[in-house]
Amino acid sequence: MPPLISIVVPVYNCEHLLPRCIDSLCAQHYSKFELILINDGSSDRSGDICDAYAARDSRLRVIHQRNAGVSAARNRGLECSRGDFICFVDGDDYVDAGYLDAFVSGLDDATDLVFQGIIEEHNGQALRKTPEARRYDRSAVPDGISDINQWSMFGYVCNKLYRRSIIEQRNLRFRTDCSLSEDRLFALHYLRYARNMSVVHACHYHYHPHPGGLTMRKRSYEESKQAADWNWEAAMALMEDRPSVRLLTDTRRMYIKTFRGIISDLLQSDRELSFVTSAIGDFLRTHRRWLPLAAPANRMQRIEDWALKFPLRISCPLVRILHRLKQLKHAIASHTRRI
């Protein structure tokens with residue numbers, strides 16, 4: 001029998017894009033699905049739009065709740081779902097008609113996660129990220145994550161199909177105390193219990209990052225460091241009985257990339273220099289040997305790398321001055337263009 005798929009859609013203040021999303025899901029070639037719309041305390045017409053669609057299509061269910069964030073909305077969807085498998089779509093994105101078909105094509109009795117690609121849309125330009133088709137048995141799942149990381153797609157929640165029985169048996173939920181990398185954390189925790197993973201050569205999800213969205217919000221040092229540490233711990237737990245040199249190296253590289261950004265943000269922030277120096281010093285004492293795994297992303301990070309070889313009580317103030325001068329230069333250039 002074809003499996004029932006639960007599609008969980010968190011909805012928050014996206015009245016202008018929501019009809020496109022729901023229409024695209026209702027138009028799926030694969031018809032055995034339930035669509036669960038979680039209205040997370042929207043203050044616009046999003047809730048009314050959900051109710052209107054549900055009144056016309058019995059496959060749709062609407063749940064209204066006070067605003068609690070996207071992770072809490074997805075968790076509510078997990079609690080209410082009845083499908084054999086679950087996938088997640090955001091209310092301001094949309095999918096092609098073959099979205100569910102692509103997932104189903106990668107299923108067999110032993111497959112617990114199916115992965116497809118994604119279409120990133122920026123300023124009218126579409127970047128298609130289509131992975132190569134492959135199946136991974138349980139021992140090869142960590143290496144499979146490394147393969148997927150080559151396309152920078154593992155962290156998305158919307159391009160994965162999960163087996164609901166594993167989620168329920170292991171009581172897996174999205175962290176509501178984390179708004180950075182929570183999708184990746186959920187996948188890493190889930191894959192600890194998965195048998196096989198299947199990757200299909202397809203991409204039918206249209207992802208459009210919004211300037212005001214959570215993914216674009218600047219994070220505090222504490223929030224960014226906590227998310228980096230949680231990701232590290234989740235990857236290490238996955239590799240406890242399935243060692244993978246590739247995933248270990250990738251995880252270290254990601255940790256360094258994240259901390260390069262954290263260091264830049266600290267040096268540009270208004271935090272006291274004593275705090276900045278202490279935070280950077282703690283990181284360097286523990287992870288300096290990993291720095292060669294990830295090259296600096298820009299000229300400023302290269303300068304920071306060079307400066308951090310010297311005593312921090314000297315280099316941190318100097319690099320902060322360089323950042324201030326750079327900000328002043330941009331401000332003057334921007335003012336000049338307006339004139």
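Given (1) out of contact with any Asp or Glu (no Cβ under 7 Å at 6 or more places or on another chain); (2) more than 18 Å from A307 (Cα to Cα), identify the lone condition not met by R246.
(1)
Being more than 15 Å from V95 (Cα to Cα), touching a residue at least 12 places away in the same chain (Cβ under 8 Å) and in a helix (DSSP H, G or I) narrows it down to one residue among C50, C14; which is it? Lay out the reasoning, then the answer.
Working: C14 fails: in a helix (DSSP H, G or I).
Going through C50, C14 in turn, the sole match is C50.
In the list R128, R82, which residue meets the criterion of being within 24 Å of L172 (Cβ to Cβ), surrounded by fewer than 21 Cβ atoms within 10 Å (Cβ to Cβ), in contact (Cβ under 8 Å) with a residue 24 or more places away in the chain and of a type outside the set (V, I, T)? Break it down stepwise before answering.
Numbers: R128 fails: within 24 Å of L172 (Cβ to Cβ).
Going through R128, R82 in turn, the sole match is R82.
Which condition number does A73 fail, the rest of (1) over 24 Å from P131 (Cα atoms); (2) among the small types (G, A, S); (3) out of contact with any Asp or Glu (no Cβ under 6 Å at 6 or more places or on another chain) being met?
Unmet for A73, out of (1) over 24 Å from P131 (Cα atoms); (2) among the small types (G, A, S); (3) out of contact with any Asp or Glu (no Cβ under 6 Å at 6 or more places or on another chain): (3).
Please find, within segment 29-47, the residue that is surrounded by the fewest Cβ atoms within 10 Å (Cβ to Cβ) out of those that are touching a strand residue (DSSP E or B) at 6+ places or on another chain (Cβ under 8 Å) and part of a loop (DSSP other than H, G, I, E, B). Show your work before the answer.
Narrowing segment 29-47 to residues touching a strand residue (DSSP E or B) at 6+ places or on another chain (Cβ under 8 Å): 30, 32-42, 46-47.
Filter once more, keeping what is part of a loop (DSSP other than H, G, I, E, B): 30, 32, 41-42.
Working: Y30: 17, K32: 15, G41: 17, S42: 20.
Taking the candidates together, the pick is K32.
Checking D147 against (1) within 26 Å of M239 (Cα to Cα); (2) in a strand (DSSP E or B); (3) within 19 Å of the chain's Cα centre (by Cα), which test does it fail?
(2)
Taking helices (runs of 4 or more DSSP H) that fall entirely within segment 156-259, which contain at least 3 residues that are within 16 Å of D90 (Cβ to Cβ) and under 18 Å from the mean Cα position of the chain (by Cα)? Can you show your working first?
Numbers: elements: 164-169, 182-191, 221-238.
Filter on segment 156-259 gives 182-191.
Taking A54 as the residue in question, decide whether it is of a type in the set (A, V, I, L, M, F, W, C), surrounded by fewer than 14 Cβ atoms within 10 Å (Cβ to Cβ) and modelled with pLDDT of 95 or more.
Values: of a type in the set (A, V, I, L, M, F, W, C): yes; surrounded by fewer than 14 Cβ atoms within 10 Å (Cβ to Cβ): no; modelled with pLDDT of 95 or more: yes.
No: the conditions fail for A54.
Looking at R246, R252, can you tell me which residue is among the charged types (D, E, K, R), touching a Leu at 6+ places or on another chain (Cβ under 6 Å) and either crowded, with 19+ Cβ neighbours inside 10 Å or within 19 Å of L293 (Cβ to Cβ) (or both)? Walk me through it before giving the result.
Numbers: R246 fails: touching a Leu at 6+ places or on another chain (Cβ under 6 Å).
It is R252.
Within the group R324, R302, R313, which residue is out of contact with any Asp or Glu (no Cβ under 6 Å at 6 or more places or on another chain), under 16 Å from V276 (Cβ atoms) and surrounded by 12 or more Cβ atoms within 10 Å (Cβ to Cβ)? So that I can check it myself, show each step before the final result.
Values: R302 fails: under 16 Å from V276 (Cβ atoms); R313 fails: surrounded by 12 or more Cβ atoms within 10 Å (Cβ to Cβ).
One residue alone meets the criteria, R324.
Is one or more of the residues making up segment 125-139 in a strand (DSSP E or B), touching an Asp or Glu at 6+ places or on another chain (Cβ under 6 Å) and not β-branched (V, I, T)?
Applying the first criterion (in a strand (DSSP E or B)) to segment 125-139 yields 125-129, 134-136.
Adding the requirement that they be touching an Asp or Glu at 6+ places or on another chain (Cβ under 6 Å) leaves 127.
Add one more test, that the residue is not β-branched (V, I, T), and what stays is 127.
Within segment 125-139, one or more residues are in a strand (DSSP E or B), touching an Asp or Glu at 6+ places or on another chain (Cβ under 6 Å) and not β-branched (V, I, T).
The values are calculated or read from the model by the stated rules, or taken from the named source; none is laboratory data. None of these values were measured; they are calculated from a predicted model. Glycine gets a Cβ as well: all are built from the backbone with ideal geometry, and neighbour counts include every protein chain shown.
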